[in-house]
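The values are calculated or read from the model by the stated rules, or taken from the named source; none is laboratory data. The structure presented is a predicted model; accordingly, all values stated were derived computationally and were not measured. With ideal geometry, Cβ positions are generated from the backbone for all residues, glycine too; neighbour counts draw on all protein chains shown. When the accessible area is computed, the model is the full protein with side chains, heavy atoms only, and any ligands, DNA or RNA have been set aside. Shrake-Rupley method; radii C 1.70, N 1.55, O 1.52, S 1.80 Å.
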Amino acid sequence: MKITRRSLLTGSAAASLARGQNASRPSSPRSAPGRRFTKDSLREIAFPLGGIGTGTVSLGGCGNFRDWEVFNRPNKGGVLPFTFVAMHLTGGGLAKPIVRVLERVPHPPYTGSSGVPRETGLGLPRFREAIFTGSYPFANLEFIDRKLPVEVSLEAFNPMIPLETADSSLPVAILTYRVLNRAASAVNAAIAFSILNPIGYDGFTRLDDRHAPFFGSNRNEFRVDADVPGLFLSSAKYPVTSPRYGSIALVMEPGDLSYRLAWEHGEWFDEFQKWWDEFLARGRFPDNAGSASEDQTSDYASLATHFQLKPGASKQVTFVLSWHFPNTEIYWKSEGEDFGEGRESDIAAPLRNGYGTRWRSAWEPAAYTHRNIDSLFARSRKYRDSLYNSTLPAPLIDAVSSQSSILRTNTVMVMENQLTLAFEGCNDHGGCCPMNCTHVYNYEQALAHLYPELERSMRETDFLLNLRPDGSMSFRTPVPLHAQTGGRMMPAADGQMGCVMKVYREWLRGASDDWLRKLWPNVKRAIEYAWVQWDANRDGVMEGEQHNTYDIEFYGPNSMMGTLYLGALASGARMAAYLGDHAAAETYRHLFDQGRARLDRELWNGEYYVQHVDESRPAAARYQYGEGCLSDQLLGQWFAEVVGLGNLLVPAHVRSALASIFRYNFNTDFSSFANAQRIYALDDEKGLLLCSWPKGKRPALPFVYSDEVWTGIEYQVAAHLIYEGMVQEGLAIVEAARARYDGRRRNPWNDFECGHHYARAMSSWSLLTAITGFHYSAPDKEIRFRPRVSGAEFRCFYSTGTAWGSYMQQLAETKLDAEINVEGGTLKVAVIRLPFSKGTAKLTATAPATVDVIAGEAVVQFASPVTLAAGRKLRLTLS
């Protein structure tokens with residue numbers, strides 16, 4: 001084929017015109033916001049596509065499907081053989097038909113005992129290069145091959161809309177391919193999606209082809225349901241209660257379609273060869289009838305759409321891939337769990353997925369998505385754009401956005417009745433460290449701010465099911481659930497105190513007073529258990545054996561446990577006072593005051609807080625940190641900032657300790673650093689160590705993870721630095737973390753620790769609340785913004801437990817213009833707090849209100865609470 005310069009210019013001009021006239025979905029890959037990757041930086045990308053609690057299939061950086069994790073368990077490296085999308089072309093100056101898989105050519109190495117595994121289909125021609133742009137939940141790819149007469153791009157997404165749990169929990173991946181004819185003559189095209197019917201798959205065994213013991217009676221059908229045509233893949237081998245039961249659907253727009261429900265069988269490599277020969281020669285499929293597969297076998301199916309493009313014209317082709325595997329096998333068992341006599345049958349019985357109770361099969365969510373795709377796209381894009389159109393630093397937005405993808409992975413499960421069960425992370429083929437680990441989920445903030453009803457489910461499990469009669473809370477939740485048993489897992493000091501603060505957070509974010517009253521008796525028991533186990537002398541400081549998130553026990557006072565204890569006492573006092581439990585409120589306040597003074601008096605070394613190791617305990621001879629500078633030393637103070645509790649310790653000491661953490665623990669080069677522990681940063685990378693000993697006295701055997709680098713702690717410390725005004729230091733840590741996840745070294749959508757998609761990394765959401773100074777109290781109907789980045793113009797995303805949208809302000813010398821925009825939900829506001837440096841203010845607002853200026857903050861009080869529904873704005877001017 002020969003494409004002249006004239007034909008290229010003509011095609012490009014037409015393409016520009018077409019782009020200018022089409023503002024509908026999908027986004028142009030060149031204009032999409034987010035991080036851009038190409039060449040070697042595509043190598044590690046695996047972008048999770050799926051709903052909350054549904055599992056995912058990941059889109060690789062080259063446009064390939066990888067990590068098929070829709071079968072209720074992780075499956076890193078798992079592929080479905082010969083599952084790909086391909087394009088057939090004729091015309092447009094081509095001398096003969098061509099077929100291209102809609103993927104970039106693979107990266108080396110090309111190794112294997114029998115060469116590159118052929119089930120990947122990598123033996124077929126592909127595009128020479130690709131550019132991947134990711135802004136979760138949207139991925140955009142531009143495929144590049146200058147020899148072809150067309151431009152091809154892909155936009156993939158899964159619906160993600162804050163507060164709308166149902167539409168954010170669809171078991172779907174939506175893929176829209178866009179083909180633009182840049183040649184001087186018409187092009188005839190077909191785009192075909194081929195897929196193995198995997199029903200019966202165990203979710204982790206490597207598949208080489210369509211033969212496996214768990215396959216059999218697999219059937220592929222072509223359906224047309226009103227305006228929705230597509231493939232439906234099922235199996236009659238398993239009953240509806242089996243973990244192997246399920247279905248997959250692939251639907252698309254009506255049009256000139258063709259399909260093959262089973263590739264022609266044969267020996268050796270015949271099946272793939274015959275598929276290739278047929279599609280290359282004819283460009284379409286014979287619409288053959290399907291039949292049930294033989295035992296231990298399945299079949300491949302292909303669905304294609306056919307169209308012609310005139311010069312400069314473009315066509316969008318959207319596939320909705322949906323799955324339905326409603327039964328989750330309890331394949332895990334937490335260390336120390338005691339299920340009790342007669343409960344073995346409970347363990348054997350699978351759990352019912354939440355999405356499995358909503359849909360009968362994969363066809364229904366596919367059809368629902370297809371019929372509502374414009375609305376799902378628009379609302380998801382509005383969320384994405386509200387975040388990415390902010391004036392915040394790009395690495396911070398990337399950290400916030402990318403780690404929200406953890407909610408879609410097998411780390412988080414949602415069972416029937418919206419019961420949220422979550423691993424700490426995912427091993428390659430199974431969940432890691434079940435279930436609802438109290439101390440790891442102290443750090444996680446994304447679920448609470450995006451889907452608060454699912455976070456509230458975790459609190460109900462903590463306090464109504466997992467709290468034992470003595471007030472202790474197992475730091476892991478045994479499954480299946482049984483009230484007030486908690487298994488044999490010990491309580492974790494940090495986890496149990498953090499759970500109290502999490503109840504306070506959920507209440508502030510819109511949980512009802514009735515909800516709080518329901519939990520309050522057990523919240524009290526959880527606080528007061530500290531007086532039995534950790535603070536026996538009731539002086540507000542923990543001295544006893546303190547199991548914690550480092551999987552060891554601290555002995556003696558330390559500010560990590562101490563600030564979480566102070567946070568639990570402070571939040572407990574506020575909840576108690578609100579509910580009229582004044583005796584408890586007074587007790588907690590008294591202990592808070594005592595503990596705050598003692599921590600500062602005994603643990604402050606002039607720069608930062610240390611641990612006083614109780615050397616009378618034989619176990620304290622190892623795995624402590626003593627005089628070290630611990631990155632988590634102010635963990636409870638960070639959480640207090642997130643929930644608006646204020647200062648737990650002396651403010652000047654907090655700032656000094658944070659500065660010390662950055663000074664001593666932020667390592668700008670690991671090439672000379674010796675680490676015998678797990679390796680998360682190395683060579684020329686930058687990262688924040690969990691601990692250092694700048695004044696010496698490093699224990700011979702310090703706590704077991706001290707030399708490691710965890711992104712969940714990096715984001716927590718960075719957010720705390722930003723809260724305290726050390727914005728550049730905080731951003732330096734964020735930039736270092738995101739630079740390590742650059743697509744070449746690691747997957748930008750998979751921060752790992754003890755497992756992939758590690759929950760602690762969702763502390764990144766606190767970066768958003770820190771830099772925007774956002775806080776909301778539903779009981780007080782009070783919202784606050786206090787931007788910590790300078791500039792005349794400021795924009796950001798916000799989310800309360802009842803509404804989400806954007807906040808904008810413009811600053812002049814003597815005036816502040818502010819606007820709160822509600823994109824979803826309902827926002828009730830009685831008080832707004834905004835930064836204002838003048839001593840007095842004159843207020844102009846869209847609702848009657850008064851204003852006072854107190855300590856550099858304008859406090860706007862409305863005559864009566866204002867209710868803003870989606871689509872409404874509240875404007876005010878201070879001058």
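Quick notes on this structure:
- 18 Å reach of a label modelled at Leu682, 7 Å along Cα-to-Cβ, counting backbone N of region 389-433: none
- Simple rule: put +1 on each Lys or Arg Cβ and -1 on each Asp or Glu Cβ in region 210-304, find the dipole, and look at Phe285, Phe272, Ser247; the Cα lying farthest toward the positive end is Ser247.
- Residue-span extension gain [Arg223 to Asp669] - 0.36 nm each, minus C-alpha spacing: 154.8 nm
- Compactness of region 212-320, expressed as Rg and Dmax over alpha-carbon positions, Å: 16.0, 53
- Degrees separating the helix 493-508 axis from the principal Cα axis of the chain, which is the longest one: 80 degrees
- Rounded accessible area of Met415 (nearest 10 Å², 1.4 Å probe): 10 Å²
- Base-10 log of normalised Debye intensity for region 348-390 (one unit scatterer per alpha-carbon) at q = 0.23, 0.29 Å⁻¹: -0.81, -0.94
- If you model the chain as an ellipsoid using its alpha carbon gyration tensor, with each semi-axis the square root of five times an eigenvalue, the axes come out at 48, 32, 26 Å, biggest first.
- In the frame of its principal axes, region 33-134 has Cα extents of 48, 41, 24 Å, reported largest first.
- Ordering Ala737, Gly839, Leu874 by Cα displacement along the dipole of region 722-879 toward the positive end leaves Leu874 in first place; charges were set at the Cβ atoms of Lys, Arg (+1) and Asp, Glu (-1).
- For region 51-130, the set of chymotrypsin sites (Phe, Trp or Tyr not before Pro) satisfying both a DSSP loop assignment and a count of at most 10 other C-beta atoms within 10 Å is given as Tyr110.
- Peptides ranked, highest mean first, by Cβ atoms within 10 Å: ranges 188-197, 641-650, 670-679: 188-197, 641-650, 670-679
- Residues of region 91-106 with amide N under 11 Å of the 7 Å Cα→Cβ point at Leu280: 97-100
- Against the main long axis of the alpha-carbon atoms of the chain, helix 5-21 sits at an angle near 50°.
- Size of charge dipole - region 73-134 - debye, nearest 20, with Cβ of Lys, Arg +1 and Asp, Glu -1, no other charges: 40 debye
- Paramagnetic reach from Lys815 in region 843-868 [backbone N under 14 Å; point 7 Å along Cα→Cβ]: 843-845
- Note on surface exposure: Arg746, Arg456, Arg663, Arg408 rank Arg663, Arg456, Arg746, Arg408 by accessible area, highest first, 1.4 Å probe.
- With each label modelled as a point 7 angstrom along the Cα→C-beta vector, the Val831-Ser790 pair spans 3.0 nm.
- Rounded to the nearest 500, the 222 nm mean residue ellipticity of the chain from helices alone is -8000 deg cm²/dmol, with -39,500 (n - 2.57) taken per DSSP H run of at least 4 residues.
- Solvent exposure of Trp765, expressed as accessible area, is near 10 Å², computed with a probe of 1.4 Å over the protein chains only.
- Across region 59-64, rounded Karplus estimates of 3J(HN,Hα) from the backbone phi angles (6.51 cos²θ - 1.76 cosθ + 1.60, θ = phi - 60°) give 8, x, x, 8, x, 8 Hz, Gly and Pro being marked x.
- Per residue Cα convex hull volume in Å³ - calculated over region 41-80: 59 Å³
- Basic side chains Lys and Arg get +1 at the Cβ, acidic Asp and Glu get -1 at the Cβ, and with that the dipole of region 703-818 about its Cα centre reaches some 280 debye.
- Relative to the longest principal axis of the Cα atoms of the chain, helix 513-528 runs at roughly 60 degrees.
- Ordered by solvent-accessible area of protein heavy atoms (1.4 Å probe), largest first, the residues Glu119, Glu615, Glu416, Glu528 come out as Glu615, Glu416, Glu528, Glu119.
- Dipole magnitude for the chain: computed about the Cα centre from +1 point charges on Lys and Arg Cβ and -1 point charges on Asp and Glu Cβ, it is near 2980 debye.
- Other-chain or far-sequence residues with amide H under 5 Å of Glu823's (modelled H): Trp804, Gly805, Ser806, Gly871
- Using only alpha carbons, region 351-504 has a radius of gyration to Kirkwood radius ratio (Rg to Rh) of 1.02.
- Trp263 sits with roughly 10 Å² accessible to a 1.4 Å probe, with DNA, RNA and ligands left out of the calculation.
- Square roots of 5 times each gyration tensor eigenvalue, C-alpha, region 737-879, largest first, Å: 33, 18, 13
- Cα-based Kirkwood hydrodynamic radius, region 795-840, one decimal, Å: 12.0 Å
- Ranking Arg488, Arg282 from most to least accessible surface, computed with a 1.4 Å probe over the protein chains only, gives Arg488, Arg282.
- Its residue count N sets the reference 2.2 N^0.38 Å, and the alpha-carbon radius of gyration of region 167-271 equals 1.32 times that reference.
- Projecting the Cα atoms of Asn181, Tyr451, Pro478 onto the charge dipole of the chain (Cβ charges, centred on the Cα centre) puts Asn181 farthest toward the positive pole.
- Backbone geometry of region 570-575 corresponds, through the Karplus equation with coefficients 6.51, -1.76 and 1.60 at θ = phi - 60°, to 3J(HN,Hα) couplings of 5, 5, x, 4, 5, 5 Hz, x marking Gly and Pro.
- Whole-Hz couplings from phi, Karplus 6.51/-1.76/1.60, listed for region 724-741; x for Gly and Pro: 8, x, 8, 5, 5, 5, x, 5, 4, 5, 4, 4, 5, 5, 5, 5, 5, 9
- Shown here are the Rg and Dmax of the Cα trace of region 431-527, at 12.3, 35 Å.
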